[in-house]
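Worksheet: one structure, shown below.
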Amino acid sequence: MEYRALGLTGLNVSPLCLGTMQFGWTTDESTAHRVLSAAFEAGINFIDTADIYSRWANGNPGGVAEQIVGRWMNQSGIGRDKVILATKVRGNMGGGPENEGLSRQHIQKSVEDSLQRLQTDYLDLYQAHWPDTNTPIEETLRAFDELVKQGKIRHFGASNYAAWELMQALWSSDRSSLGRFDSLQPHYNLIHRAEFERELAAVCKTYDIGVIPYSPLAGGFLTGKYRRNLLPNSKRANGAKRYFNERNWTLLDQMDTLAKSKGVSVSQVALAWLLTNPIITSPIIGANSPEQLKDNLGALNVHLTTEEKSALDQATAWQE
């Protein structure tokens with residue numbers, strides 16, 4: 001498997017990243033461990049999680065996904081240096097407003113909690129889950145920079161930042177001689193393009209920022225399991241409904257035809273479309289089972305011709 005450098009950091013990550021938002025929500029711990037093991041055996045060395053995963057699920061106080069990953073690493077016997085581990089900070093883990101945000105105090109407390117749950121003494125990548133308008137960006141960057149110097153994190157990145165916010169952070173790092181965001185985790189897929197492509201793509205390309213898109217399958221819509229007259233019983237169905245329109249149904253028909261011609265799945269076509277873009281470092285896939293994971297991994301063997309990619313681009317083009 002060909003590994004890719006994440007920005008200028010020297011972290012060589014697999015071309016697909018295993019996301020864990022579903023652990024402790026739609027995937028129980030035993031199944032999650034099987035997914036993690038299957039991913040590692042297939043060459044996936046990059047695991048992404050967050051402290052708040054998955055507080056929205058009944059009985060889940062947050063931190064559960066991190067704990068599941070930590071127990072898997074401990075029980076699997078896989079060397080810590082074989083896994084590139086990323087998590088995030090920003091959300092409320094319970095309590096008052098002092099227990100959330102990107103202040104130096106909250107970051108310092110949260111990283112210790114995440115390290116404990118993950119059963120490790122360092123993180124390869126620590127990410128600001130989304131911006132905090134109540135905290136000066138320089139305070140946030142200085143807190144991350146301190147953690148790098150302490151050896152608790154190797155690099156830090158951003159998620160859900162607008163282009164101006166990312167540029168503000170880069171400028172602040174340069175002005176104050178602090179470490180910078182080396183990666184961005186944007187919401188990006190074949191039918192959600194404008195948010196990233198309008199300005200963020202140019203910033204990431206210019207400043208060599210690694211791009212780790214989340215929701216590459218549009219909450220399951222781009223797997224093809226949702227159809228005009230079919231709404232499967234799924235905990236994530238409500239999130240996919242935003243994509244229910246004639247343009248996207250027509251896209252699925254087009255992807256069906258393309259997938260059948262190649263003998264692959266619709267999911268694999270959607271992921272292959274992302275992987276053809278040289279600016280993309282590692283799309284985050286979320287598998288509820290080893291079988292689902294296997295299908296996603298198949299995207300690594302799908303080659304889209306210039307004409308095929310152009311047809312998908314045209315079918316989902318956005319306008320100002």
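The values are calculated or read from the model by the stated rules, or taken from the named source; none is laboratory data. None of these values were measured; they are calculated from a predicted model. When we count neighbours, we look across all protein chains shown, and the Cβ atoms used for this are built from the backbone with ideal geometry, even at glycine.
Key figures for this structure:
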| quantity | calculated |
| --- | --- |
| Search result, residues across the range 14-56 that are surrounded by fewer than 24 Cβ atoms within 10 Å (Cβ to Cβ) and in a strand (DSSP E or B) | 27 |
| Residue within the range 128-139 that is outside any helix (DSSP H, G or I), under 18 Å from residue 9 (Cβ atoms) and modelled with pLDDT of 95 or more present | yes |
| All positions within the range 70-91 that are part of a helix (DSSP H, G or I) and touching a helix residue (DSSP H, G or I) at 6+ places or on another chain (Cβ under 6 Å) | 70, 72 |
| Criterion (without any contact (Cβ under 8 Å) to a residue 24 or more places away in the chain and over 17 Å from the mean Cα position of the chain (by Cα)) met by exactly one of 10, 43 | 10 |
| Any chance residue 222 is aliphatic (A, V, I, L, M), touching a residue at least 40 places away in the same chain (Cβ under 8 Å) and buried (at least 22 other Cβ atoms within 10 Å of the Cβ) | yes |
| Residue within the range 108-116 that is in contact (Cβ under 8 Å) with a residue 40 or more places away in the chain, within 16 Å of residue 9 (Cβ to Cβ) and either aliphatic (A, V, I, L, M) or surrounded by 16 or more Cβ atoms within 10 Å (Cβ to Cβ) (or both) present | no |
| Qualifying residue in the range 170-181 (condition: surrounded by 15 or more Cβ atoms within 10 Å (Cβ to Cβ), acidic (Asp, Glu) and not in a loop (DSSP other than H, G, I, E, B)) | no |
